[in-house]
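Structure, as structure tokens:
Bear in mind that the values in this text are calculations on the coordinates, not laboratory data. What you see is a predicted model; the values in this text were computed from it and never measured. Don't worry about glycine lacking a Cβ; one is built from the backbone with ideal geometry, like all the others, and counts go over all protein chains shown.
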Amino acid sequence: MHKKLKRVLLVDDDDDANHIQERLIKKHGFAEKIDKVWNGLEALDYLNRCIEQQEPLPEIIFLDLNMPKMDGWTFLEKYNLLSRDVKMKIELIILTSSINPDDAERASRNPEIKGYKNKFLDKQQLEEILKLMPT
């Protein structure tokens, strides 16, 4: 991998999934910093904290759909209320174990979502995701 992102956010309530994705990202030099939160509510708090404290935003958010407190779909509704300037800096990738075709269809209709991947990512998928990133 040639390009390395500065910051990635994993949004998933599954500890094992976060651990596996984090190891893969580190192993292949995909990102310098990996942050993790456990649901959509914590993800919104994380983003608002970055904005308020003028910290770098994640370049990619890997978002699970099925989580307690706030699922991925509700997060997306709230995310859409953020400023255009903030959203332009972030690529959203759905990373889910859902096999429901309605989820994939719904994701394809949301312009904020740049990809829909099933858990777990591999090196080739990381490389494909990097190609989606603005230069």
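Applied to the stretch 96-112, the Karplus parametrisation 6.51 cos²θ - 1.76 cosθ + 1.60 on θ = phi - 60° returns per-residue 3J(HN,Hα) values of 9, 9, 5, 10, 6, x, 5, 5, 4, 5, 4, 5, 5, 8, 9, x, 6 Hz, with x for Gly and Pro. Report the Cα centroid-to-centroid distance between the stretch 91-135 and the stretch 1-64 in angstrom, as an integer. Cα centroid to Cα centroid, the span is 14 Å.
Each peptide among 63-69, 126-132, 99-105, 3-9 gets the average number of other Cβ atoms lying within 10 Å of its residues, and from highest to lowest they stand as 63-69, 3-9, 126-132, 99-105. For the stretch 5-132, the Cα-based Rg and Dmax, in that order, read 13.5, 39 Å. Put simply, the amide H of GLY115, placed in the peptide plane, has neighbours under 5 Å in ILE94, leaving out anything fewer than 5 places away on its chain.
Extension gain for GLU128-ASP102 works out to 7.0 nm (0.36 nm per residue, less the C-alpha to C-alpha distance).
The listed peptides 36-43, 115-122, ordered by packing as a protection proxy, come out as 36-43, 115-122 (highest mean of other Cβ atoms within 10 Å first). Multiplying the residue separation of GLN54 and LYS3 by 0.36 nm and subtracting their alpha-carbon distance yields 16.0 nm.
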